[in-house]
Amino acid sequence: MSTSSDLNRRQWLKTAAVGVAGLAVASNFATTPLAAQPGPPSGKAELSRIQGNENPYGPSPMAVAAMIKHAPRAFRYATVDDANELIGLIATGNGVAPANVVVGSGSAEILENYAKYLSASGTGEVITAAPGYLKFTDSMKKLGSKIVAVPVDKDMVHDLDAMAAKVGPATKCVYICNPNNPTGTIVDPEKLKAFCIEISKKCPVFVDEAYLECSDKFEANTMAPLVAAGHNIIVARTFSKVYGLAGQRVGYGLMSVEAAKGVMAYNEARLNLLGVMAAIASLKEKSYVAETRAKIKAERDKLCATFDELKLTYAKPQGNFVFFRTGMPIKVFQEKMLEGNVLVGRAFPPAVDWCRISIGTPAEMAPAHIALRKIFKA
Ligand SMILES: Cc1ncc(COP(=O)(O)O)c(C=O)c1O
């Protein structure tokens, strides 16, 4: 006869075994190049791909175990109960009701479908930072709105005063990406809070927190409590970054019940089953995120130390990437880095002689440090 402690032990061993298998799978994923991607120059070691703002540490072992456990169910569509479990966890974690949460295929789907929902009532102007992340603004532009891009300040931080000055009767929305992609900077939380409260009386403020969980002080910087308090604010987050699940396409938005219903009407009817299972497991597992955040920060700090040593200018980073001034066209810099076997980010106009480097593992970052020293010490 099995006692309950036997059962618990057996259950634990089963989970641990799946977790260990999952860990091996995860670490293979992190280092296996995709056939579709360009290979390394012949005779060279594997490329360090530090251009995509992914999290090379991958999903938590519990998230991997959840995906393995539910893989045999993958022939089924995710059920409403599956989605509701995730929505419930997100709602509880953010102090909002489930009706305030929309889950999508990555936060990209939330950005795009919020643009569709907003544009259904007419077009106007969208105020954003330059350089900034383009998914939302590009969607609004395609739907007929005009984009008003306000340059970031001298520290590459959102210039909230200049943005507020642009708000007028034609403004449909203000988009704040915090930390900003590509600059990596974060806005002072008290200033942002005051800005959101004031501006949201005139138009919705969309705060994209895709990278906020990578930052040093998530709780102090998230604008989610303003959604809970009923302000006209939308907060978008993703499982693609600190949770290491970019390929599973799960993101979410927190917003008013009315907006949530409106956005949902444009969403895919069903969610990615394994992505949802991995996201649920990720939210239940607390320590892995903190450990991953610490590893990202350690490599981010090392990269900044190399920039300091080389006297290169960089924006103060809070995401899993650093934006720095190369002083040369991005194409030239990319080629030089490729000679050192490192793939780095694309152009981000108007900062055309700056480059964004994503934070990889220590092994992925080592060739980047060598290449940077070679290029900038010469
Ligand atoms: C600022 C920002 N928001 C949203 C996204 C969309 O991410 P996903 O669709 O993977 O959730 C990205 C992707 O890199 C991003 O950089």
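The values are calculated or read from the model by the stated rules, or taken from the named source; none is laboratory data. This structure is a prediction, so every number in the text was calculated from the model and none was measured. Note that we place each Cβ from the backbone using ideal geometry, even for glycine, and neighbour counts take in every protein chain shown. Calculation scope for accessible area: heavy atoms of the full protein, side chains included, ligands and nucleic acids excluded. Shrake-Rupley method; radii C 1.70, N 1.55, O 1.52, S 1.80 Å.
Worth pointing out:
- Being over 25 Å from Val101 (Cα atoms), in contact (Cβ under 8 Å) with a residue 40 or more places away in the chain and of a type in the set (D, E, K, R) is a property that Asp208 lacks.
- Some residue of region 230-244 being touching a Gly at 6+ places or on another chain (Cβ under 9 Å) and assigned to a helix (DSSP H, G or I): no
- Extreme residue, surrounded by the most Cβ atoms within 10 Å (Cβ to Cβ), among residues of region 311-356 that are assigned to a strand (DSSP E or B) and of a type in the set (Phe, Trp, Tyr): Phe321
- Region 95-138: number of residues that are within 14 Å of Ile233 (Cα to Cα) and of a type outside the set (A, V, I, L, M, F, W, C): 2
- Within region 165-183, if we keep just the residues that are under 25 Å from Pro317 (Cβ atoms) and among the hydrophobic types (A, V, I, L, M, F, W, C), the residue that is farthest from the ligand (Cβ to nearest atom) turns out to be Val174.
- Counting only residues that are in contact (Cβ under 8 Å) with a residue 12 or more places away in the chain and either within 30 Å of Lys202 (Cβ to Cβ) or over 13 Å from the mean Cα position of the chain (by Cα) (or both), region 218-247 holds 18 of them.
- Filtered residues of region 149-197 (kept if touching a Pro at 6+ places or on another chain (Cβ under 9 Å) and hydrophobic (A, V, I, L, M, F, W, C)): Ala149, Val152, Met156, Ala162, Cys173, Val174, Ile186, Val187
- Counting only residues that are away from the ligand (no atom under 11 Å from the Cβ) and more than 21 Å from Glu285 (Cβ to Cβ), region 237-253 holds 0 of them.
- Candidates Lys286, Lys241, Lys295, Lys261, filtered to the one that is under 30 Å from Lys154 (Cβ atoms) and open to solvent by 10 Å² or more (accessible area, probe 1.4 Å): Lys241
- Applying the criterion of being open to solvent by less than 10 Å² (accessible area, probe 1.4 Å) and of a type in the set (A, V, I, L, M) to the residues of region 104-122, the residue that is farthest from the ligand (Cβ to nearest atom) is Ala115.
- Any hit, region 47-65, residues being farther than 30 Å from Ala363 by Cα and either at pLDDT 95 or above or not small (Gly, Ala, Ser) (or both): no
- The number of residues in region 199-217 that are over 19 Å from the mean Cα position of the chain (by Cα) and exposed (fewer than 14 other Cβ atoms within 10 Å of the Cβ) comes to 1.
- Every test in (1) more than 17 Å from Ser282 (Cα to Cα); (2) surrounded by fewer than 23 Cβ atoms within 10 Å (Cβ to Cβ); (3) touching a residue at least 24 places away in the same chain (Cβ under 8 Å) is passed by Asn94 save one, and that test is (1).
- Which listed residue, of Ile234, Ile197, Ile186, is in the same structural domain as Ala164 (by TED's automatic domain parsing), β-branched (Val, Ile, Thr), out of contact with any Asp or Glu (no Cβ under 7 Å at 6 or more places or on another chain) and away from the ligand (no atom under 14 Å from the Cβ): Ile197
- Flag for Ala78 being open to solvent by less than 60 Å² (accessible area, probe 1.4 Å) and either of a type in the set (Ser, Thr, Tyr) or away from the ligand (no atom under 16 Å from the Cβ) (or both): yes
- Residue in region 94-102 that is modelled with pLDDT of 95 or more and within 16 Å of the ligand (Cβ to nearest atom) present: yes
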